[in-house]
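Taking it in order: structure first as structure tokens, then the write-up.
None of the figures in this text is laboratory data; all of them are computed from the coordinates on show. In this text the structure is predicted, and so the values were computed from the model without any measurement. Ideal geometry is used to build each Cβ from the backbone, glycine not excepted, and the neighbour counts take in all protein chains shown.
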Amino acid sequence: MFRQIFFISFFWVFLVCNAQENNSIVSYQKKIISKLTGKEVIDAGIYLHQRATYKERFITANYLAKELRNLGWFSELQNYRKSQSNYFLDLFFRPNRGNNVVGKLLATVTTKEYIILGAHYDSERNSPGAVDNASGVALCLALAKELKQLEHRNYNVLIVFFDQEEDDEVGSTTYVESIQKKILDVNSVHIFDLIGYDSDGDFALTLQSPTPFLEEIYRSEAEVRKIPIQIINGAGSDNKPFMEAGYPTVHPFEELDDRTPYYHSSKDTYETINFGFLANTTQYIKSIITKILENDEDV
């Protein structure tokens with residue numbers, strides 16, 4: 001009888017604590033997405049209804065770098081200018097230019113290995129870009145809050161907000177080239193894009209081209225949390241340049257058959273975000289990254 005009472009009490013405490021944490025995540029992610037989509041000011045008197053022009057993207061990059069610093073991370077902008085895809089385009093169009101936002105959180109042990117978490121922050125023209133991809137940015141920032149609190153981190157962590165994903169992954173391609181030059185020792189790369197729409201309420205996710213050891217970790221945690229998972233091949237976002245460079249990569253996004261119908265449109269607004277789904281996915285990813293970070297053995 002005592003064991004039953006203890007178990008029931010423990011179960012309810014777990015549910016209450018989990019609900020409180022979810023509410024905290026939802027509140028924070030609502031703030032982030034409202035600023036990124038023009039529902040609230042992102043800077044003094046500035047409302048962004050898209051993140052497409054260089055000026056809009058620069059304002060966004062500075063906001064994100066500041067937010068990471070407020071969360072206790074080191075952050076900087078990786079400024080780049082990059083030629084068009086061929087010489088003739090360079091004759092008629094300006095070179096690509098932009099800013100990746102790079103946040104760093106050091107391990108609590110001595111190591112040269114890194115885990116990379118990434119999401120693009122730009123949007124298509126004339127789109128507030130709520131699901132695509134303020135949702136991925138909000139997920140990463142919520143993770144930044146949580147990971148800073150961990151007592152043990154056996155890997156360094158980088159959070160990278162990529163510019164110009166909508167222009168054939170210019171920002172992430174530039175970033176991958178830079179870490180290849182540095183010969184950065186990367187444990188795994190986790191790219192988040194389209195994590196805000198869930199019309200059927202089943203919390204299901206798609207995993208694109210996960211490296212086998214990452215697929216195992218993601219599947220295992222999904223089973224515990226009763227999250228339906230579908231695996232597909234290919235590369236549809238900033239996972240592409242990382243995959244092509246040979247890094248261990250996974251790209252979680254919305255259920256393939258339940259994706260936002262407002263993709264790349266003016267209707268991709270704050271109001272279309274399912275914040276319960278986003279918070280639940282954030283908790284799921286947090287658990288996975290925490291297990292990797294706290295694992296004393298090489299994962």
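Observations
- Simple Cβ-charge dipole of segment 143-299, Lys/Arg +1 and Asp/Glu -1, about Cα centre, in debye nearest 20: 420 debye
- J(HN,Hα) series, segment 223-236, from Karplus relation 6.51 cos²θ - 1.76 cosθ + 1.60, nearest Hz, glycine and proline x: 4, 4, 8, 6, 9, x, 10, 10, 9, 10, 9, x, 8, x
- Taking Cα atoms only, the orientation of helix 275-294 departs from the longest principal axis of the chain by about 80 degrees.
- When you filter the chymotrypsin sites (Phe, Trp or Tyr not before Pro) in segment 44-79 for DSSP loop state and at most 12 other Cβ atoms inside 10 Å of their Cβ, you are left with TYR47.
- Computed magnitude of the charge dipole of the chain (debye, nearest 20; Cβ of K, R +1, Cβ of D, E -1): 1020 debye
- Each of ILE191, ILE115 has some number of other Cβ atoms within 10 Å of its Cβ, and from fewest to most they run ILE115, ILE191.
- With contributions of -39500 (n - 2.57) from each DSSP H run of at least four residues, the per-residue ellipticity at 222 nm computed over the chain stands at -14000 deg cm²/dmol.
- Alpha-carbon centroid distance for the pair segment 251-265 / segment 140-204, whole angstrom: 18 Å
- Three-way shape call for segment 92-143 based on the alpha-carbon gyration tensor, with the a/c threshold at 1.5: oblate
- Charge dipole of segment 2-294 about the Cα centre (unit charges at C-beta), most positive-ward option of PHE161, TYR270, GLN78: GLN78
- Springs join every pair of Cα atoms under 10 Å in this Gaussian network model of the chain, and among THR110, THR272, THR53 the largest mean-square fluctuation is at THR110.
- For the listed residue pairs LYS55/LYS182; LYS66/LYS240; LYS145/LYS182; LYS30/LYS145, the alpha carbons are over 24 angstrom apart in LYS55/LYS182; LYS66/LYS240; LYS145/LYS182.
- Overall, the anisotropy analysis places segment 112-203 in the oblate class: the square-rooted eigenvalues a ≥ b ≥ c of its C-alpha gyration tensor yield a/c not less than 1.5, with a/b not exceeding b/c.
- When the square roots of the Cα gyration tensor eigenvalues are ordered a ≥ b ≥ c, the ratio a/c for the chain is 1.5 or more and a/b exceeds b/c, which makes its shape prolate.
- Listing ARG81, ARG51, ARG125, ARG57 from fewest to most neighbouring C-beta atoms within 10 Å gives ARG81, ARG125, ARG57, ARG51.
- For trypsin sites (Lys or Arg not before Pro), the sites in segment 158-249 that DSSP calls loop and that have at most 14 other Cβ atoms within 10 Å are LYS226.
- Within-10-Å neighbourhood charge of ASP193 [Cβ basis; K, R +1; D, E -1]: -4
- Summary: within the chain, the longest segment free of GluC sites (Glu not before Pro) located in DSSP loops with at most 15 other C-beta atoms within 10 Å is 152-296.
- Amide hydrogen proximity for VAL186: with H placed 1.01 Å from N in the peptide plane, the residues at 5 or more positions away or on another chain lying under 5 Å are TYR114.
- For segment 174-281, the mean projected area of the C-alpha convex hull, equal to one quarter of the hull surface, is 7.6 nm².
- Applying the criteria of a DSSP loop state and at most 14 other Cβ atoms within 10 Å to the chymotrypsin sites (Phe, Trp or Tyr not before Pro) of segment 93-156 yields PHE93.
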